[in-house]
Amino acid sequence: MDIITLVFRYANAEKSSVDTGMRVKDTAKQLVKRGKFMGGKAPFGYELVHSGEISKHGRLLKHPVIIPAQAEVVKHIYNLSFYQEFGSTKIARILNENEPYKNMAPNDVWKSGTITSILTNPIYAGYTTYNRRERVGDKTNRLDHKQWIIADTPNPDLVIISEDFWQMVQEKRLLRKGKYEKSLSNQNVTVISRNDGMLSLVDVVHCGYCGRKMTNGSKYNYWTIKDTGERRTSKIPIYRCPSAWQGIPHNKATQFKADKIEPIVYSSIAEYIEKLQSRDEAFNQIIMNNTIEKKQLESILHSEMEKLEKIQHNISIMEDKIPDAITGEYALTIDELKQQIDRQHQKEKEQKQIV
């Protein structure tokens, strides 16, 4: 009965926590619908100042106010997107190449993600929003605009871009996106498998300008066979610098075909291995080094396994004390014991990851 009672208490505590979270979210949605700013970092173009209101918890509330100089940059970004039909990467590059604009960049440099966020945020048309992003673990993901909670009416004090112009920019961006996506004629193509593998030097090759790891920037070519009318495609393996792709200016080339880089690297490696094989003592030394390294890793693994077993032993002891905590015969209350067990489970999870 003690264990059953404990299970019900755990379940009730969990349900209470979930209910509280739902109430907080529902309240936030209602406030945003009425045009309230729900806190957090102010978007580019705004700063947070005290509103003179005080929350139920006695905290001074803040609201966003337009920064005129930054607002001009926002207008310039929207004009480049609409009138020049530039994408986020190109706009970021243009701003970074212009000293006055570069000096106003958030976090020291303009990136394509920052530009995209500015171009899609309804706050510049006066509409506060909620639920534009979702945090999953250590990552923050953008949600589809259909999931956003948007104010029913615009706040004229927040308007930098007129509502009509903001909507026109969204429509043009959507049309431009459609141009670069796979057309219907390329949906049922036969992919040539010889170019379908991973780039072998990913995580090895670095950009010579900024030092970042080069990533996969492979492109596709499409063509039609005249005799049969069959649509075909081939993949061109390319290494590209992610910083340059985000719009950060680079000197000279920012992407390289794999068939240019890889033969040079393979040739050098083959020459090096050939020299090693001709020297028995060098080859034997490599084998010995690998053996030593393996023993060192085994020693580290044994140590980490002992830590994991100790954590699991502590969890077992704490769980054995649950009945005593329920009856009040233990030094900790049931809630305090639950917190300690949860902490140990978190340590166990982290230690398993290490192992």
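The values are calculated or read from the model by the stated rules, or taken from the named source; none is laboratory data. Values in this document were obtained by computation on a predicted structure and should not be read as measured data. Cβ placement follows ideal geometry from the backbone for every residue including glycine, while neighbour counts extend to all protein chains displayed. Remember, those area values only see protein heavy atoms, side chains included, never the ligands or the DNA or RNA. Shrake-Rupley method; radii C 1.70, N 1.55, O 1.52, S 1.80 Å.
Which residue, chosen from ASN284, HIS50, SER112, occupies the Cα position most advanced towards the positive end of the dipole of the chain, where the dipole is computed from +1 (Lys, Arg) and -1 (Asp, Glu) charges on Cβ about the Cα centre?
Value computed over the given set: SER112.
Roughly speaking, to the nearest percent, how much of the chain's 1.4 Å accessible area is carbon and sulfur?
So the carbon and sulfur contribution to the accessible surface is 52 percent.
Return the tail of the calculated pair distribution for the range 192-273, meaning the percent of Cα-Cα pairs more than 19 Å apart. Intermediate results must be reported in sequence, preceding the final value.
Working: 1608 of 3321 pairs.
Value for the range 192-273 (Cα pairs over 19 Å): 48 percent.
With unit charges on the beta carbons (Lys and Arg positive, Asp and Glu negative) and the dipole taken about the Cα centre of the chain, which residue among PHE165, SER316, CYS241 sits farthest to the positive side?
So the residue we want is PHE165.
Scan around ASN155 for amide H atoms under 5 Å from its own, H built in the peptide plane at 1.01 Å from N, and keep only partners 5 or more places away or cross-chain.
TYR127, THR128
Could you sort CYS241, CYS210 by accessible area so the largest value comes first, with the probe set to 1.4 Å?
Numbers: CYS241 0, CYS210 60 Å².
Most to least solvent-accessible, the answer reads CYS210, CYS241.
Considering only protein heavy atoms, what is the solvent-accessible area of GLU336 at a probe of 1.4 Å, reported in Å² to the nearest 10?
Counting only protein heavy atoms, the figure is 80 Å².
Can you give the calculated 222 nm mean residue ellipticity of the chain, where each DSSP H run of n ≥ 4 adds -39,500 (n - 2.57) and the sum is split over every residue, rounded to the nearest 500 deg cm²/dmol?
Values: 11 runs with 181 residues, N = 355.
Value at 222 nm, helices only: -17000 deg cm²/dmol.
Viscosity 1.567 mPa s, temperature 4 °C: give me the Stokes-Einstein translational D for the chain in µm²/s, with Rh taken as the Kirkwood radius over C-alpha pairs.
On the way: Rh = 27.0 Å.
In µm²/s, the coefficient is 48.
For the chain, give me every cysteine whose Cβ has no other Cys Cβ within less than 4.7 Å, ordered by residue number.
CYS210, each lacking another Cys Cβ under 4.7 Å.
Residues of the range 237-355: accessible area per residue at 1.4 Å, in Å²? It would help to have the intermediate numbers written out before the result.
Values: 8710 Å² over 119 residues.
Counting only protein heavy atoms, the per-residue value for the range 237-355 is 73 Å².
Stick to Cα atoms and the Kirkwood definition of Rh, then tell me Rg/Rh for the range 260-355. All intermediate terms of the calculation are to be shown ahead of the outcome.
On the way: Rg = 25.6 Å, Rh = 18.0 Å.
Rg/Rh for the range 260-355 comes to 1.42.
How big is the dipole moment of the chain about its Cα centre under a simple scheme where the beta carbon of each Lys and Arg is +1, that of each Asp and Glu is -1, and everything else is neutral? Debye, nearest 20, please.
Values: 53 positive and 44 negative charges, 308 e Å.
Dipole magnitude for the chain comes out near 1480 debye.
May I ask for the net charge around HIS313, where only other residues with Cβ less than 14 Å from the Cβ of HIS313 are counted and Lys, Arg are +1 while Asp, Glu are -1? If you can, show how the numbers build up before the last one.
Values: positive: LYS307, LYS310, LYS321, LYS347; negative: GLU306, GLU309, GLU319, ASP320, GLU348.
The answer is -1.
Where does each of ILE286, ILE315 land when they are ordered by accessible area, with a 1.4 Å probe and the largest first?
On the way: ILE286 65, ILE315 10 Å².
These residues rank, largest area first, as ILE286, ILE315.
Leaving out ligands, DNA and RNA but keeping every protein chain, what accessible area does THR228 have, in Å² rounded to the nearest 10, with a 1.4 Å probe?
Probe radius 1.4 Å; accessible area of THR228 about 100 Å².
Under unit Cβ charges (Lys, Arg +1; Asp, Glu -1), what dipole magnitude, rounded to 20 debye, does the range 40-99 have relative to its Cα centre?
340
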